[in-house]
Amino acid sequence: MNQRVSLIAANWKMHKTIAEAVSFADSLQRDVAKLADREVLIAPPYTALAAVRNAVWRTDFKLAAQNCHEEDKGAFTGEISASMLRDIGCDYVILGHSERRHVFGETDEVIGKKVAAVLRTGMLPVLCVGELLEARESGATFDVVGNQLDRSLKGLPAAQARQLAIAYEPVWAIGTGKTATPEQAQEVHAFIRKRCRSLWDKAVANEIRIMYGGSVKPDNVDSLMAKSDIDGMLVGGASLEVASFGRIVQYQTPGETK
Ligand code: PGA
(Lines give C-alpha, C1' and ligand atoms only; values in the text may rest on other atoms or scores of the structure.)
Protein backbone atom coordinates (compact mmCIF):
# COMPACT_ATOMS: atom_id res chain seq x y z
CA MET A 1 0.00 0.00 0.00
CA ASN A 2 1.37 3.39 -0.93
CA GLN A 3 0.89 6.49 1.11
CA ARG A 4 2.10 9.17 -1.23
CA VAL A 5 1.40 12.66 0.06
CA SER A 6 -0.21 14.52 -2.82
CA LEU A 7 1.21 17.74 -4.14
CA ILE A 8 -1.13 20.47 -5.36
CA ALA A 9 0.85 23.17 -7.13
CA ALA A 10 0.04 26.69 -8.27
CA ASN A 11 2.22 27.63 -11.25
CA TRP A 12 1.64 31.35 -11.61
CA LYS A 13 3.91 31.68 -14.65
CA MET A 14 4.53 35.40 -15.40
CA HIS A 15 1.70 36.72 -13.24
CA LYS A 16 1.28 38.64 -9.97
CA THR A 17 3.07 41.52 -8.28
CA ILE A 18 4.69 41.03 -4.88
CA ALA A 19 1.64 42.48 -3.12
CA GLU A 20 -0.76 40.23 -5.05
CA ALA A 21 1.37 37.17 -4.34
CA VAL A 22 1.55 37.86 -0.60
CA SER A 23 -2.14 38.56 -0.33
CA PHE A 24 -2.93 35.29 -2.16
CA ALA A 25 -0.61 33.24 0.09
CA ASP A 26 -2.13 34.83 3.16
CA SER A 27 -5.74 34.21 2.14
CA LEU A 28 -5.17 30.65 0.98
CA GLN A 29 -3.48 29.62 4.23
CA ARG A 30 -6.44 31.00 6.14
CA ASP A 31 -9.11 29.57 3.81
CA VAL A 32 -8.09 25.94 3.38
CA ALA A 33 -7.89 23.38 6.15
CA LYS A 34 -4.65 21.52 6.71
CA LEU A 35 -4.93 17.90 5.64
CA ALA A 36 -2.30 15.27 6.40
CA ASP A 37 -2.51 13.66 2.96
CA ARG A 38 -1.56 16.71 0.87
CA GLU A 39 0.93 19.54 0.43
CA VAL A 40 0.39 22.85 -1.31
CA LEU A 41 3.10 24.21 -3.56
CA ILE A 42 3.19 27.86 -4.62
CA ALA A 43 5.37 28.78 -7.58
CA PRO A 44 5.39 32.57 -7.95
CA PRO A 45 7.64 34.44 -10.39
CA TYR A 46 11.22 34.94 -9.14
CA THR A 47 10.46 38.49 -8.06
CA ALA A 48 7.91 37.35 -5.47
CA LEU A 49 9.77 34.31 -4.07
CA ALA A 50 11.28 36.07 -1.05
CA ALA A 51 8.03 37.79 -0.12
CA VAL A 52 5.99 34.59 -0.41
CA ARG A 53 8.62 32.75 1.65
CA ASN A 54 8.09 35.31 4.41
CA ALA A 55 4.32 35.08 4.08
CA VAL A 56 4.16 31.29 4.47
CA TRP A 57 3.67 30.09 8.02
CA ARG A 58 2.06 26.69 7.45
CA THR A 59 4.35 23.67 7.25
CA ASP A 60 2.16 22.04 4.58
CA PHE A 61 2.75 25.03 2.26
CA LYS A 62 5.94 24.81 0.19
CA LEU A 63 7.65 27.27 -2.12
CA ALA A 64 8.73 26.51 -5.69
CA ALA A 65 10.59 28.36 -8.42
CA GLN A 66 9.51 27.87 -12.03
CA ASN A 67 12.96 27.24 -13.52
CA CYS A 68 16.69 27.54 -12.80
CA HIS A 69 20.00 27.41 -14.62
CA GLU A 70 21.94 24.15 -14.66
CA GLU A 71 25.27 25.69 -13.54
CA ASP A 72 25.92 26.78 -9.98
CA LYS A 73 27.47 30.16 -10.89
CA GLY A 74 29.24 31.90 -13.72
CA ALA A 75 28.88 34.30 -16.63
CA PHE A 76 25.22 33.63 -17.45
CA THR A 77 23.61 37.05 -17.58
CA GLY A 78 19.98 37.00 -16.54
CA GLU A 79 20.04 33.46 -15.13
CA ILE A 80 19.42 32.17 -11.59
CA SER A 81 21.08 29.06 -10.14
CA ALA A 82 19.61 26.33 -7.98
CA SER A 83 21.78 27.33 -5.03
CA MET A 84 20.46 30.90 -5.27
CA LEU A 85 16.92 29.52 -5.09
CA ARG A 86 17.87 27.42 -2.10
CA ASP A 87 19.32 30.55 -0.54
CA ILE A 88 16.02 32.41 -0.97
CA GLY A 89 14.18 29.54 0.74
CA CYS A 90 12.71 27.48 -2.10
CA ASP A 91 11.75 23.88 -1.41
CA TYR A 92 11.05 22.80 -5.00
CA VAL A 93 11.89 23.85 -8.56
CA ILE A 94 9.63 23.14 -11.54
CA LEU A 95 11.77 22.02 -14.48
CA GLY A 96 11.15 21.31 -18.16
CA HIS A 97 7.72 22.92 -18.29
CA SER A 98 6.36 22.77 -21.83
CA GLU A 99 6.76 26.55 -22.14
CA ARG A 100 10.45 26.15 -21.27
CA ARG A 101 10.75 23.38 -23.84
CA HIS A 102 8.73 24.93 -26.65
CA VAL A 103 9.13 28.69 -26.19
CA PHE A 104 12.69 28.69 -24.85
CA GLY A 105 14.05 25.60 -26.61
CA GLU A 106 15.16 23.58 -23.59
CA THR A 107 16.28 20.05 -24.42
CA ASP A 108 15.94 16.91 -22.32
CA GLU A 109 19.69 16.95 -21.82
CA VAL A 110 19.70 20.46 -20.33
CA ILE A 111 16.63 19.65 -18.25
CA GLY A 112 18.42 16.55 -16.90
CA LYS A 113 21.33 18.74 -15.79
CA LYS A 114 18.88 21.07 -14.05
CA VAL A 115 17.29 18.10 -12.22
CA ALA A 116 20.74 17.09 -10.94
CA ALA A 117 21.59 20.69 -9.98
CA VAL A 118 18.38 21.06 -7.95
CA LEU A 119 18.91 17.75 -6.16
CA ARG A 120 22.49 18.73 -5.27
CA THR A 121 21.17 21.68 -3.28
CA GLY A 122 18.70 19.55 -1.30
CA MET A 123 15.63 21.00 -3.05
CA LEU A 124 13.18 18.77 -4.90
CA PRO A 125 12.53 18.91 -8.65
CA VAL A 126 9.14 18.72 -10.32
CA LEU A 127 10.05 17.41 -13.77
CA CYS A 128 7.43 18.15 -16.43
CA VAL A 129 6.90 15.87 -19.41
CA GLY A 130 4.16 15.65 -22.02
CA GLU A 131 3.36 15.21 -25.69
CA LEU A 132 2.21 17.65 -28.36
CA LEU A 133 -1.17 17.18 -30.05
CA GLU A 134 0.42 15.64 -33.17
CA ALA A 135 2.10 13.00 -31.03
CA ARG A 136 -1.15 12.20 -29.23
CA GLU A 137 -3.01 11.90 -32.53
CA SER A 138 -0.37 9.73 -34.17
CA GLY A 139 -0.22 7.37 -31.19
CA ALA A 140 3.30 8.46 -30.17
CA THR A 141 2.45 9.60 -26.63
CA PHE A 142 4.28 6.79 -24.82
CA ASP A 143 7.36 7.10 -27.07
CA VAL A 144 7.59 10.84 -26.47
CA VAL A 145 7.06 10.68 -22.71
CA GLY A 146 9.32 7.62 -22.35
CA ASN A 147 12.13 9.38 -24.23
CA GLN A 148 11.75 12.55 -22.16
CA LEU A 149 12.10 10.49 -18.98
CA ASP A 150 15.02 8.39 -20.24
CA ARG A 151 16.98 11.33 -21.59
CA SER A 152 16.60 13.57 -18.58
CA LEU A 153 16.78 10.98 -15.78
CA LYS A 154 19.12 8.21 -16.90
CA GLY A 155 21.97 7.74 -14.46
CA LEU A 156 20.24 9.49 -11.58
CA PRO A 157 20.98 7.44 -8.42
CA ALA A 158 17.97 5.76 -6.80
CA ALA A 159 18.47 7.68 -3.55
CA GLN A 160 17.88 10.93 -5.46
CA ALA A 161 15.24 9.57 -7.81
CA ARG A 162 12.90 8.68 -4.97
CA GLN A 163 12.63 12.39 -4.15
CA LEU A 164 11.38 13.33 -7.59
CA ALA A 165 7.99 14.60 -8.53
CA ILE A 166 7.06 14.18 -12.20
CA ALA A 167 4.27 16.21 -13.78
CA TYR A 168 2.53 14.77 -16.81
CA GLU A 169 1.27 17.75 -18.77
CA PRO A 170 -0.07 16.95 -22.24
CA VAL A 171 0.82 20.08 -24.20
CA TRP A 172 -2.57 20.07 -25.95
CA ALA A 173 -4.25 20.44 -22.56
CA ILE A 174 -2.21 23.37 -21.22
CA GLY A 175 -4.15 26.61 -21.19
CA THR A 176 -6.61 25.25 -23.76
CA GLY A 177 -9.52 24.24 -21.57
CA LYS A 178 -9.16 20.69 -22.95
CA THR A 179 -8.33 18.44 -20.01
CA ALA A 180 -7.17 14.87 -20.47
CA THR A 181 -9.89 12.56 -19.21
CA PRO A 182 -9.07 10.85 -15.92
CA GLU A 183 -8.66 7.61 -17.91
CA GLN A 184 -6.26 9.20 -20.42
CA ALA A 185 -4.22 10.73 -17.62
CA GLN A 186 -4.17 7.52 -15.54
CA GLU A 187 -2.98 5.53 -18.55
CA VAL A 188 0.06 7.79 -19.01
CA HIS A 189 0.71 8.04 -15.26
CA ALA A 190 0.78 4.24 -15.01
CA PHE A 191 3.19 4.18 -17.96
CA ILE A 192 5.43 6.76 -16.23
CA ARG A 193 5.47 4.70 -13.04
CA LYS A 194 6.37 1.60 -15.02
CA ARG A 195 9.20 3.47 -16.73
CA CYS A 196 10.47 4.57 -13.31
CA ARG A 197 10.46 0.90 -12.28
CA SER A 198 12.75 0.08 -15.17
CA LEU A 199 14.97 3.12 -14.60
CA TRP A 200 15.33 2.25 -10.88
CA ASP A 201 13.15 -0.27 -9.07
CA LYS A 202 9.64 -0.84 -7.77
CA ALA A 203 10.20 0.79 -4.38
CA VAL A 204 11.53 3.99 -5.98
CA ALA A 205 8.72 4.04 -8.55
CA ASN A 206 6.15 3.74 -5.78
CA GLU A 207 7.55 6.72 -3.94
CA ILE A 208 7.72 9.12 -6.89
CA ARG A 209 4.79 11.49 -7.00
CA ILE A 210 3.24 11.85 -10.44
CA MET A 211 1.19 14.98 -10.90
CA TYR A 212 -1.18 15.88 -13.73
CA GLY A 213 -1.31 19.32 -15.35
CA GLY A 214 -3.33 20.83 -18.17
CA SER A 215 -6.57 22.76 -17.65
CA VAL A 216 -7.13 21.46 -14.13
CA LYS A 217 -10.23 23.20 -12.72
CA PRO A 218 -12.40 22.94 -9.61
CA ASP A 219 -14.88 20.82 -11.57
CA ASN A 220 -12.45 18.19 -12.86
CA VAL A 221 -9.96 17.86 -10.00
CA ASP A 222 -11.95 15.29 -8.00
CA SER A 223 -12.23 12.79 -10.82
CA LEU A 224 -8.55 13.19 -11.75
CA MET A 225 -7.33 12.82 -8.16
CA ALA A 226 -9.45 9.68 -7.74
CA LYS A 227 -7.12 7.76 -10.06
CA SER A 228 -4.59 5.49 -8.40
CA ASP A 229 -1.45 6.84 -10.09
CA ILE A 230 -2.39 10.53 -9.96
CA ASP A 231 -0.66 12.05 -6.95
CA GLY A 232 -1.10 15.74 -7.49
CA MET A 233 -2.02 18.62 -9.74
CA LEU A 234 0.07 21.29 -11.46
CA VAL A 235 -2.33 24.16 -12.03
CA GLY A 236 -1.81 27.23 -14.20
CA GLY A 237 -4.83 29.41 -15.03
CA ALA A 238 -7.07 28.15 -12.23
CA SER A 239 -4.33 28.81 -9.65
CA LEU A 240 -4.49 32.57 -10.07
CA GLU A 241 -7.63 33.04 -7.96
CA VAL A 242 -7.81 31.98 -4.30
CA ALA A 243 -11.36 30.66 -4.69
CA SER A 244 -10.64 28.29 -7.57
CA PHE A 245 -7.22 27.15 -6.36
CA GLY A 246 -8.59 26.73 -2.83
CA ARG A 247 -11.27 24.40 -4.16
CA ILE A 248 -8.66 22.43 -6.09
CA VAL A 249 -6.53 22.07 -2.95
CA GLN A 250 -9.61 20.77 -1.13
CA TYR A 251 -10.30 18.07 -3.72
CA GLN A 252 -12.32 15.14 -2.53
CA THR A 253 -11.94 11.56 -3.65
CA PRO A 254 -14.21 8.67 -2.77
CA GLY A 255 -11.82 7.32 -0.16
CA GLU A 256 -9.59 5.35 -2.54
CA THR A 257 -6.31 4.30 -0.94
CA LYS A 258 -3.23 5.26 -2.90
P1 PGA B 1 -3.18 25.42 -17.17
O2 PGA B 1 -1.57 25.34 -17.10
O3 PGA B 1 -3.69 24.88 -15.88
O4 PGA B 1 -3.48 26.87 -17.39
O5 PGA B 1 -3.60 24.56 -18.34
C6 PGA B 1 -0.93 24.25 -16.53
C7 PGA B 1 0.56 24.44 -16.60
O8 PGA B 1 1.05 25.03 -17.57
O9 PGA B 1 1.30 24.02 -15.68
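The values are calculated or read from the model by the stated rules, or taken from the named source; none is laboratory data. This is a predicted model, so every value here is computed, not measured. Counting neighbours? That spans all protein chains shown, and the Cβs are built from the backbone with ideal geometry, glycine included. With ligands, DNA and RNA removed, areas are computed over all heavy atoms of the protein, side chains included. Shrake-Rupley method; radii C 1.70, N 1.55, O 1.52, S 1.80 Å.
Quick notes on this one:
- Those residues of region 144-178 which are basic (K, R) and modelled with pLDDT of 95 or more, in sequence order: R151, R162
- Test result for I166, under 22 Å from Y92 (Cβ atoms) and assigned to a helix (DSSP H, G or I): no
- Within region 240-252, the set of residues being open to solvent by less than 50 Å² (accessible area, probe 1.4 Å) and either at pLDDT below 95 or among the aliphatic types (A, V, I, L, M) (or both) comprises L240, V242, I248, V249.
- Among the criteria (1) of a type outside the set (S, T, N, Q); (2) without any contact (Cβ under 8 Å) to a residue 40 or more places away in the chain; (3) part of a helix (DSSP H, G or I), the one V145 does not fulfil is (2).
- A single entry from S228, S223, S244 fulfils the requirement of being of a type in the set (S, T, Y) and within 13 Å of the ligand (Cβ to nearest atom): S244.
Residue-wise test of (1) on the phi < 0 side of the Ramachandran plot; (2) away from the ligand (no atom under 15 Å from the Cβ); (3) touching a helix residue (DSSP H, G or I) at 6+ places or on another chain (Cβ under 7 Å); (4) open to solvent by 10 Å² or more (accessible area, probe 1.4 Å).
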site	(1), (2), (3), (4)
L164	yes, yes, no, no
P170	yes, no, yes, no
I174	yes, no, yes, yes
G177	no, no, no, yes
A180	yes, no, yes, no
E187	yes, yes, no, yes
F191	yes, yes, yes, yes
K194	yes, yes, no, yes
L199	yes, yes, yes, yes
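- Any hit, region 125-133, residues being away from the ligand (no atom under 16 Å from the Cβ) and open to solvent by less than 50 Å² (accessible area, probe 1.4 Å): no
- Entirely in region 1-116, the helices (runs of 4 or more DSSP H) that have 1 or more residues that are buried (at least 21 other Cβ atoms within 10 Å of the Cβ) and more than 16 Å from the ligand (Cβ to nearest atom): 18-31, 49-55, 82-88
Yes or no, residue by residue, for (1) touching a strand residue (DSSP E or B) at 6+ places or on another chain (Cβ under 8 Å); (2) under 30 Å from A205 (Cα atoms); (3) charged (D, E, K, R):
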| residue | (1), (2), (3) |
| --- | --- |
| V5 | yes, yes, no |
| A19 | no, no, no |
| L28 | yes, no, no |
| T47 | no, no, no |
| L63 | yes, yes, no |
| D72 | yes, yes, yes |
| F76 | yes, no, no |
| E79 | yes, no, yes |
